[in-house]
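Colleague: I'd like to ask some things about the structure below.
Just so it is clear, none of the values below were taken in a lab; they were calculated from the coordinates. Quantities reported herein were computed from a predicted structural model and do not represent experimental measurements. In this analysis, Cβ positions are derived from the backbone assuming ideal geometry, glycine residues included, and neighbour counts consider all displayed protein chains.
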């Protein structure tokens, strides 16, 4: 009888263990299942799911990687260079006001504009100043020739910067961001999910759109620099010191002027010392004369007294 009870007890324990094992497997399977199709699709759209970036959420074979490769191939077949050109002038003219007016008129005639302008009158009453121009790049060489013919060129510096790689990089990032924006919009339109998942998708959409706006702004700034060349023109008239310093004899003249200023300063200091000391020396001289006379009178008086 006791043996029968032991067999029943063993069978009961085995059945209980099998039941608990099936329950644990069922629970682990439920935990492995995604919370909802929207959450899985949003994770896929961001590229968080490894090994599935080559499939679109709607089952179509279209990915940002393929688009990037296609765009790269097209760019290689028809490359376009974006070069920023700028120039800096130091120009001596006979009439400052007339030259400034000609530069303004020519810039407006070529479709450009004055970005910044300043002028000042030097000690010798001659005018000097700086004018910064923005001019369409197709007229770059025309402006170089115009300024060269306008006066005597003391300095000319030309700069060029190739920003093609920067613009291509921005284009690739824009394409990827716009593709991600479309995928998120498709998720929001085609699938339903929890409120928290919808809010997360909208936050992700706002972040992507903000990034797109930032990239658009960066690209527009670079394109504007390429479209408009910058000319910085330093204008001088007459015998401006700013012009002389750019000649071979300019540094020598500057050294001579500095030496003259040093001598004048030393002479001024010496005169101040003389003016301050001479009156006191004169007073001391008078006192010494008075003391000597008084001493001599006293000596004579003592001599007379001894003789008596």
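Colleague: Based only on other Cβ atoms within 10 Å, what is the fewest-to-most ordering of 271, 235? Kindly include the intermediate steps, with their values, before the conclusion.
Modeller: Values: 271 10, 235 27.
By the 10 Å Cβ count, ascending: 271, 235.
Colleague: Regarding the stretch 85-169, what is the average projected area of its C-alpha convex hull, in nm²? Provide the component values of the computation, followed by the final result.
Modeller: Working: hull surface 26.1 nm².
That works out to 6.5 nm².
Colleague: Using alpha-carbon positions, what is the distance between the centroids of the stretch 91-107 and the stretch 202-221, in Å?
Modeller: What the calculation gives is 44 Å, centre to centre.
Colleague: If you take the beta carbon distance between residue 209 and residue 114 as r and set R0 to 45 Å, what does 1/(1 + (r/R0)^6) give as a FRET efficiency, to the nearest 0.05? Working shown, then result.
Modeller: Details: r = 37 Å, r/R0 = 0.81.
Calculated transfer efficiency: 0.75.
Colleague: If you don't mind, there's one more thing I want to ask. At 0.36 nm per residue, and after removing the present C-alpha to C-alpha distance, how many nm does the segment from residue 267 to residue 156 gain when stretched out fully? Walk me through the intermediate numbers first.
Modeller: Working: separation 111, 0.36 × 111 = 39.96 nm, distance 4.16 nm.
This chain segment gains 35.8 nm when fully extended.
Colleague: Grab the Cα-Cα distance for residue 292 and residue 174, subtract it from 0.36 nm times how many residues apart they are, and report the gain in nm with one decimal.
Modeller: Numbers: separation 118, 0.36 × 118 = 42.48 nm, distance 10.34 nm.
The span from residue 292 to residue 174 would gain 32.1 nm if fully extended.
Colleague: If you scale each eigenvalue of the Cα gyration tensor by 5 and take the root, what three semi-axes come out for the stretch 102-219, rounded to whole angstrom and sorted largest first?
Modeller: Working: eigenvalues 560, 56, 28 Å².
Working through the eigenvalues yields semi-axes of 53, 17, 12 Å.
Colleague: Assuming R0 = 41 Å, what is the FRET efficiency of residue 258 and residue 104, from their Cβ-Cβ distance, to the nearest 0.05? Don't skip to the answer; put the middle values down first.
Modeller: Details: r = 37 Å, r/R0 = 0.90.
It comes out at approximately 0.65.
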